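Colleague: Provided herewith is a single structure, encoded as structure tokens, for subsequent inquiry.
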């Protein structure tokens, strides 16, 4: 059997990537296991949840600013500095949410194709998102998105899908 006769699943079991396709060739349909397919959609939901959660906070910016001004005990920090800092922080959080959502979509798509490294990257992104939500800044929507991302992550590590993400054999050549 030559490399061109193998299916992508057979190549994956040998630790190889899917066979390259020439320009103009149609893409072979991907048929991931059910948990991996569900995981893909949950990653998309988690990304949309992040954008929605930080977008909601951004629209309620004035309320956040007013609360911080009321609780400010340091006379060296002016109201304008608080307003400017909160505005910058909320925009950074919103843009960060958009970036995470795009990365979730990209790597979930690649994991759906059976790419083990995409699953690893999603693990790291999910852990960073969860830590950020629990330790630094969160609201109910972004915490829900973090929960959905953790469910998606668990689905990608179920024993029934381990063969879909084969380990690359180590050779000493």
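Here, each number is a calculation from the coordinates, and none is a lab measurement. Here the structure is a predicted model, which is why all the values come from computation and not from measurement. Note that each Cβ is placed from the backbone with ideal geometry, even for glycine, and that neighbours are counted across all protein chains shown.
Colleague: Once the Cα atoms of helix 79-112 and of the chain are each reduced to a long axis, what angle between those two axes, in degrees from 0 to 90 to the nearest 10, is obtained?
Modeller: 10 degrees
Colleague: Assuming 0.36 nm per residue, please report the length gained on full extension of the stretch residue 61 to residue 76 beyond their Cα-Cα distance.
Modeller: Difference between extended and current length: 3.2 nm.
Colleague: Multiply the residue gap between residue 87 and residue 158 by 0.36 nm, knock off their C-alpha separation, and tell me the result in nm, one decimal place.
Modeller: 21.4 nm
Colleague: Please give the length that would be gained between residue 41 and residue 28 if that part of the chain were fully extended, namely 0.36 nm times their separation in residues minus their C-alpha to C-alpha distance (nm, one decimal).
Modeller: Full-extension gain reported as 2.7 nm.
Colleague: Then there's this: Helix 116-135 against the longest principal axis of the chain: what's the angle in degrees, Cα atoms only, rounded to the nearest 10?
Modeller: Here the helix axis deviates by roughly 20 degrees.
Colleague: Here is a follow-up. With an 8 Å cut-off on Cα pairs and a minimum separation of 6 or more residues, tell me the relative contact order of region 37-173 in percent.
Modeller: Contact order relative to length: 41 percent.
Colleague: Specify the inter-centroid distance of region 125-140 and region 28-44, based on alpha-carbon positions, in whole Å.
Modeller: 24 Å
Colleague: Hey, got the Cα dimensions of region 90-173 along the principal axes, in Å, largest first?
Modeller: That works out to 50, 26, 21 Å along the principal axes.
Colleague: Could you calculate the FRET efficiency of residue 98 with residue 7 from 1/(1 + (r/R0)^6), where r is the beta carbon distance between them and R0 is 45 Å, rounded to 0.05?
Modeller: The computed FRET efficiency comes out at 0.75.
Colleague: Could you work out how far helix 61-71 tilts from the main Cα principal axis of the chain, as a 0 to 90 degree angle to the nearest 10?
Modeller: The angle comes out near 50 degrees.
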